């Protein structure tokens, strides 16, 4: 077990569930991963749930807002990436052909964030930490251990992420192309040659690996 007090820029630092049934989600994930939900009021009838593990933050969840539902946003898990500056990351993402869905804004005194869509359609958030650095525990069951991107255009996505990495030191872990690139080609595109990453990529040779929809996916 590792207690995490700081996330380096470019690392995955937070995961957040948007759901249509927050209470059911709390029961499900608490039973599955041993998380302890802690509700924090964020409005007259809304609350933001922090999932705790060993007393430290492991994940979070909230109920989809009405405007999100109107626009057809389904229940989903959102990935957050640590950056030194949310403003610089958002500006760079736009220059590279991405879309800034939510411009940088302060989350009270906890940090500053922005919501970004890459050129192939996948969403992620960037997080500039202040009082809240993000996930506080790792390397134990029930914690974030891996994330991969499912995209219809691996080349375009990898070009975007590598260029963004030059600005924010974003760590690209994996892009899963749906039938357009082999795993070996992806390794060349992303220059992923570390044994641990190659071992993870080997899993993607399974026929079922291409079955998911576009977007970031991660594993506990």
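Tally time: how many residues in the stretch 99-123 are closer than 18 Å to residue 151 by Cα, in a loop (DSSP other than H, G, I, E, B) and without any contact (Cβ under 8 Å) to a residue 40 or more places away in the chain?
Result for the stretch 99-123: 0.
Among 135, 175, which is modelled with pLDDT of 85 or more and in contact with a strand residue (DSSP E or B) (Cβ under 7 Å, 6 or more places away or on another chain)? Can you show your working first?
Working: 175 fails: modelled with pLDDT of 85 or more.
That would be 135, the only listed residue that is modelled with pLDDT of 85 or more and in contact with a strand residue (DSSP E or B) (Cβ under 7 Å, 6 or more places away or on another chain).
Quick test for you: out of 87, 153, pick the one residue that is outside the structural domain of residue 48 (by TED's automatic domain parsing) and over 25 Å from residue 22 (Cβ atoms).
After applying the criteria, what remains is 153.
Any idea how many residues of the stretch 25-38 are over 20 Å from residue 76 (Cβ atoms), out of contact with any helix residue (DSSP H, G or I) (no Cβ under 8 Å at 6 or more places or on another chain) and surrounded by 13 or more Cβ atoms within 10 Å (Cβ to Cβ)?
Let us first name the residues in the stretch 25-38 that are over 20 Å from residue 76 (Cβ atoms), namely 31, 34, 36, 38.
Now drop any that are not out of contact with any helix residue (DSSP H, G or I) (no Cβ under 8 Å at 6 or more places or on another chain), which leaves 31, 34, 38.
Those still in the list that are surrounded by 13 or more Cβ atoms within 10 Å (Cβ to Cβ) too: 34, 38.
Adding up the residues that qualify gives 2.
Table: residues versus (1) in contact with a strand residue (DSSP E or B) (Cβ under 8 Å, 6 or more places away or on another chain); (2) modelled with pLDDT under 95.
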position	(1), (2)
105	yes, no
114	yes, no
149	yes, yes
154	yes, yes
157	yes, yes
180	no, yes
187	no, yes
206	no, yes
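Sort out for me the strands (runs of 3 or more DSSP E) sitting completely within the stretch 44-92 that have 1 or more residues that are under 14 Å from residue 125 (Cβ atoms) and at pLDDT below 95.
Numbers: elements: 47-53, 56-63, 76-82.
Filter on the stretch 44-92 gives 76-82.
Filtering the stretch 143-161 down to residues that are surrounded by fewer than 18 Cβ atoms within 10 Å (Cβ to Cβ) and assigned to a loop (DSSP other than H, G, I, E, B), which residue is farthest from the chain's Cα centre (by Cα)?
It comes out as 152.
What are the pairs, 6+ residues apart or on separate chains, where a residue within the stretch 83-98 that is at positive phi has its Cβ under 8 Å from a residue that is modelled with pLDDT of 95 or more?
Once the first residue is at positive phi and sits in the stretch 83-98, its partners that are modelled with pLDDT of 95 or more give 97/119.
Before we move on, is residue 67 more than 28 Å from residue 161 (Cα to Cα) and without any contact (Cβ under 8 Å) to a residue 12 or more places away in the chain? If you could, list the steps in order and put the result at the bottom.
Numbers: more than 28 Å from residue 161 (Cα to Cα): yes; without any contact (Cβ under 8 Å) to a residue 12 or more places away in the chain: yes.
Yes; evaluated as a whole, the condition is true for this residue.
Exactly one condition in (1) part of a loop (DSSP other than H, G, I, E, B); (2) touching a helix residue (DSSP H, G or I) at 6+ places or on another chain (Cβ under 7 Å) is not met by residue 17; state its number.
The one condition residue 17 does not meet is (1).
The values are calculated or read from the model by the stated rules, or taken from the named source; none is laboratory data. What you see is a predicted model, and the numbers here were worked out from it, not measured in a lab. As a convention, Cβ positions derive from the backbone with ideal geometry for all residues, glycine included, and neighbour counts pool all protein chains shown.
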